[in-house]
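Enquirer: One structure follows; several queries about it will come next.
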Amino acid sequence: MSRRIIKSLPDMGKARNRMDSPKTVREPLIVPPAVAEFGKGRAYLIKTFGCQGNVRDEEILAGYLEAAGMHRTEIESEAGLVIINTCAVRENAEDKVYGEIGKFKVNHQKDPSFVLCVCGCMMQETGVAEKLVKSYPYVNLIFGTHNLSNILSLLDERLARKKDLVDVLSYPGDIVENLPSIRLDAYKAFVNIGYGCDKFCTYCIVPYTRGRERSRAREDIIKECQELVEEGYQEITLLGQNVNSYGKDFHDGTSFATILEDVAKLGIPRLRFMTSHPWDFSDEMLDVIAKYDNIMPCIHLPVQSGSTTMLRRMGRRYTREQYLDLVRRIREKIPGCALTTDIIVGFPNETEEEFEDTLTLCEEVKYDAAFTFLYSPRKGTPAAALEDDVPDEVKHERFNRLLKVVEAGVMSHSSQMVGKTYKVLVDGPSKKNERVLSGYTETNKLVNFEGPAYLKGQIVDVEIVEDHAFSMIGKLTKDPLIILAEKAAESLKEEPEAIAFLEAKKAVEESPSLIELRGQIEKAQKAMVQKAADSDDEAYEKAKNEYLSLMNSYKKDPVVLNYEARKDDLEELLRIVKGTLS
Ligand code: SAH
Ligand code: SF4
Ligand code: F3S
């Protein structure tokens, strides 16, 4: 009898279908008892390839595993459960995955209860799961992007039936909310606003691996973002394969501009989004970005090619001129906005002229950063069926020419940054040198500068001193301890102790009877001084008693007593803050 059960396999032909709008399900998380038993004290390791969408999936998978009692490890030999979270966007991403799977064969020999899972976009491709089963029989659990939230029940089933499982669905099904999650960063968070893609660019596998476009309900997005703000997150990136499509499936006027504005209003210090397709980038979106200081002036706007004929073959739905017009409108409405892009070189039958159009477009736009890719045919996509007459060496030569043009554009921006001061969100000490911090400017430039680790998660002013094109060297403009003290004072303003103190102080200042009493005390004080100057001992004694009795009534006034108590509370809080700072 086989030791493996194939529950379902994906079919990219079916995955192309776009079915009715999905429901949202909000069910509580249940950990099956056998999985809790299996999870107790077990270390898990997740290796993620691909885009931010996959990184967010890793956080959700980690949420499920930790709910089942497991803890994270980065040490491969220690892991009692491994998940390899794959990407299918280019062939080289896939090649890396096979190497990774092979590494974990030894874990089975050490620990018979070890479980190796493979999931993610690659599993959604027709034939890949079958290939894995044949060539890597020690993989225990294969699932896809659409049933990631079933991980605990799949593990339960595997434990109960004592068989390996393959379960990859062709359709996305419902939108699942209340997902558990262990975020990988304490200050920067990704929030999905929608899943899937309906654009079907002819080279791209994502619409098949991630399914039809579906937007998360506004209330679920707002709830997640509100919680992040309350937890002290400094940056949220709204995620979608094409964020501009957000809300179109609700047919009620909701758009990306509306959700972007709603999230900006929650007061997160930095708000970003990705990715925007140039085809449906509205002017309304530009207005919202321009209106809110906390929406970062940085837009990732993949162009893919600068040639209209090529863009048509890629199925991109815009022309070179329309793209350049959008760039012009962005720069007009959001001065200083950084623009980044993705470019594919070597799409089938790319002519020299078409390629040069890409070069001239890059020269004109001068991107702040560009991710350049060699075209990789993806089985099942329309472009994969095209014959190609361009030799590989021509593609590589074009790729190198493009890099030079991109670099010149990047440097035209970075060289102008030297001598100026920018707000940088500190990621923490750099891997190479713990005294060097790294972080990103509002326009997403990487800056390295000397500073203490306690500035992690703070937004600080950094002056740029050296330009290294793709990263900058800077220096803090203020003493780091002062920065921290200022931030503490700023956040103290919101503390209940500080608010109560200020209210009590105001009550003392504004109470009519206390104003009157303060007047009498002042008079009594003056009389006392006068009598002392006159050397009239008896009159001095009388004036002094009068003064002390007035002071006594002042101190016993309930409004003053309340003020003193609130002052003590505030001082106690300040002592705690001082202890944290020193
Ligand atoms: N939805 C996003 C991300 C898609 S994948 C977007 O539209 O921008 C990220 C990038 O990978 C794409 O922008 C594209 O430049 C590149 N890419 C996608 N398919 C590719 C392929 N078959 N070969 C080479 N690069 C590809
Ligand atoms: Fe792929 Fe195009 Fe969708 Fe981006 S917009 S995910 S490139 S199909
Ligand atoms: Fe890769 Fe899937 Fe993202 S194919 S780029 S992990 S959507």
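Enquirer: For residues that are out of contact with any helix residue (DSSP H, G or I) (no Cβ under 7 Å at 6 or more places or on another chain) and of a type in the set (Val, Ile, Thr), scanning just the stretch 523-582, find the one that is nearest to Lys493 (Cα to Cα). Spell out how you get there, then give the answer.
Expert: Pass one, the stretch 523-582, residues out of contact with any helix residue (DSSP H, G or I) (no Cβ under 7 Å at 6 or more places or on another chain): 523, 526, 529-530, 533-538, 541-542, 545, 548-549, 552, 555-556, 558, 561, 564-565, 568, 571-572, 574-576, 578-580, 582.
With of a type in the set (Val, Ile, Thr) added as a condition, the list becomes 529, 576, 580.
Values: Val529: 40, Ile576: 15, Thr580: 17 Å.
Taking the candidates together, the pick is Ile576.
Enquirer: What are the residues in the stretch 385-401 that are closer than 19 Å to Val89 by Cα and without any contact (Cβ under 8 Å) to a residue 12 or more places away in the chain, if any?
Expert: Within the stretch 385-401, Ala385 is the sole residue that qualifies.
Enquirer: OK, next. Find the residue count for the stretch 327-345, including only residues that are within 16 Å of ligand 2 (Cβ to nearest atom) and either surrounded by fewer than 20 Cβ atoms within 10 Å (Cβ to Cβ) or not hydrophobic (A, V, I, L, M, F, W, C) (or both).
Expert: Adding up the residues that qualify gives 3.
Enquirer: Any chance the stretch 168-180 includes a residue that's more than 14 Å from ligand 1 (Cβ to nearest atom), within 15 Å of Thr145 (Cβ to Cβ) and acidic (Asp, Glu)?
Expert: Of the residues in the stretch 168-180, the ones more than 14 Å from ligand 1 (Cβ to nearest atom) are 168-180.
Still in the running and within 15 Å of Thr145 (Cβ to Cβ): 168-176, 179.
When the remaining residues are screened for being acidic (Asp, Glu), the result is 174.
So far as the stretch 168-180 goes, yes, one or more of its residues are more than 14 Å from ligand 1 (Cβ to nearest atom), within 15 Å of Thr145 (Cβ to Cβ) and acidic (Asp, Glu).
Enquirer: When you go through (1) within 16 Å of ligand 2 (Cβ to nearest atom); (2) over 14 Å from Thr443 (Cα atoms) one by one for Leu301, which number turns out not to apply?
Expert: Here Leu301 clears every test but (2).
Enquirer: With the structure loaded, tell me whether Leu228 is within 14 Å of ligand 2 (Cβ to nearest atom), farther than 23 Å from Pro10 by Cα and buried (at least 18 other Cβ atoms within 10 Å of the Cβ) or whether it fails that test.
Expert: No; evaluated as a whole, the condition is false for this residue.
Enquirer: So if I check each of Met285, Met310, which one is over 30 Å from Gln458 (Cβ atoms) and in contact (Cβ under 8 Å) with a residue 12 or more places away in the chain?
Expert: After ruling out the rest, the residue left standing is Met310.
Enquirer: Find the residue count for the stretch 77-131, including only residues that are surrounded by 20 or more Cβ atoms within 10 Å (Cβ to Cβ), away from ligand 1 (no atom under 16 Å from the Cβ) and more than 29 Å from the chain's Cα centre (by Cα).
Expert: Summing the residues that are surrounded by 20 or more Cβ atoms within 10 Å (Cβ to Cβ), away from ligand 1 (no atom under 16 Å from the Cβ) and more than 29 Å from the chain's Cα centre (by Cα) in the stretch 77-131 gives 4.
Enquirer: Does any residue of the stretch 51-61 turn out to be basic (Lys, Arg) and either surrounded by fewer than 16 Cβ atoms within 10 Å (Cβ to Cβ) or over 30 Å from Cys201 (Cα atoms) (or both)? Quick ask: steps written out before the conclusion?
Expert: Residues of the stretch 51-61 basic (Lys, Arg): 56.
So of that shortlist, the ones also either surrounded by fewer than 16 Cβ atoms within 10 Å (Cβ to Cβ) or over 30 Å from Cys201 (Cα atoms) (or both) come out as none.
Among the residues of the stretch 51-61, not one is basic (Lys, Arg) and either surrounded by fewer than 16 Cβ atoms within 10 Å (Cβ to Cβ) or over 30 Å from Cys201 (Cα atoms) (or both), which makes the answer no.
Enquirer: Checking the conditions here, which among Leu238, Leu228, Leu260, Leu271 is more than 18 Å from Ala369 (Cβ to Cβ), assigned to a helix (DSSP H, G or I) and in contact with a Phe, Trp or Tyr (Cβ under 9 Å, 6 or more places away or on another chain)?
Expert: Leu260
Enquirer: When you scan the stretch 197-226, how many residues do you find that are in contact (Cβ under 8 Å) with a residue 12 or more places away in the chain and either within 10 Å of ligand 1 (Cβ to nearest atom) or over 19 Å from Lys248 (Cβ atoms) (or both)?
Expert: Qualifying residue count, the stretch 197-226: 15.
Enquirer: Only one of these conditions is not met by Gln416: (1) in contact (Cβ under 8 Å) with a residue 24 or more places away in the chain; (2) over 20 Å from Ala186 (Cα atoms). Which number is it?
Expert: Looking at each condition in turn, Gln416 falls short on (1).
Enquirer: Can you tell me which residue in the stretch 512-552 is modelled with the highest pLDDT, limited to those that are of a type in the set (S, T, N, Q) and surrounded by 14 or more Cβ atoms within 10 Å (Cβ to Cβ)?
Expert: This residue is Gln520.
Enquirer: So, one more: I'd like the full set of residues that are buried (at least 20 other Cβ atoms within 10 Å of the Cβ) and either in a helix (DSSP H, G or I) or within 16 Å of ligand 3 (Cβ to nearest atom) (or both), limited to the stretch 245-257.
Expert: Passing the criteria: Ser245, Phe256.
Enquirer: Every residue in the stretch 286-305 that is among the hydrophobic types (A, V, I, L, M, F, W, C) and either surrounded by fewer than 19 Cβ atoms within 10 Å (Cβ to Cβ) or within 16 Å of ligand 1 (Cβ to nearest atom) (or both), please.
Expert: Residues of the stretch 286-305 among the hydrophobic types (A, V, I, L, M, F, W, C): 286, 288-290, 295-296, 298-299, 301, 303.
Across the stretch 286-305, the qualifying residues are Ala290, Cys298, Ile299, Leu301, Val303.
Enquirer: Looking at Thr319, Thr372, Thr360, Thr308 in this structure, which one is closer than 25 Å to Asn92 by Cβ, surrounded by fewer than 19 Cβ atoms within 10 Å (Cβ to Cβ) and either within 16 Å of ligand 1 (Cβ to nearest atom) or modelled with pLDDT of 95 or more (or both)?
Expert: Answer to the selection: Thr372.
Enquirer: Another question, if that's okay. Is there a residue in the stretch 312-325 that is part of a helix (DSSP H, G or I), hydrophobic (A, V, I, L, M, F, W, C) and either within 25 Å of Met12 (Cβ to Cβ) or within 16 Å of ligand 3 (Cβ to nearest atom) (or both)?
Expert: Scanning the stretch 312-325, I find at least one residue that is part of a helix (DSSP H, G or I), hydrophobic (A, V, I, L, M, F, W, C) and either within 25 Å of Met12 (Cβ to Cβ) or within 16 Å of ligand 3 (Cβ to nearest atom) (or both), so the answer is yes.
Enquirer: Now a separate question. Give me a count of the residues in the stretch 182-215 that are within 16 Å of ligand 3 (Cβ to nearest atom) and among the charged types (D, E, K, R).
Expert: Number of matching residues: 6.
Enquirer: While we're looking at this one, here's another question. If you take just the helices (runs of 4 or more DSSP H) that sit entirely in the stretch 27-121, which of them hold at least 2 residues that are of a type in the set (S, T, N, Q) and in contact with a strand residue (DSSP E or B) (Cβ under 8 Å, 6 or more places away or on another chain)? Write out each step before concluding.
Expert: On the way: elements: 33-39, 52-67, 91-103, 105-110.
Output list reads 52-67.
The values are calculated or read from the model by the stated rules, or taken from the named source; none is laboratory data. The structure presented is a predicted model; accordingly, all values stated were derived computationally and were not measured. Here Cβ is always computed from backbone atoms with ideal geometry, including for glycine, and neighbour counts include all displayed protein chains.
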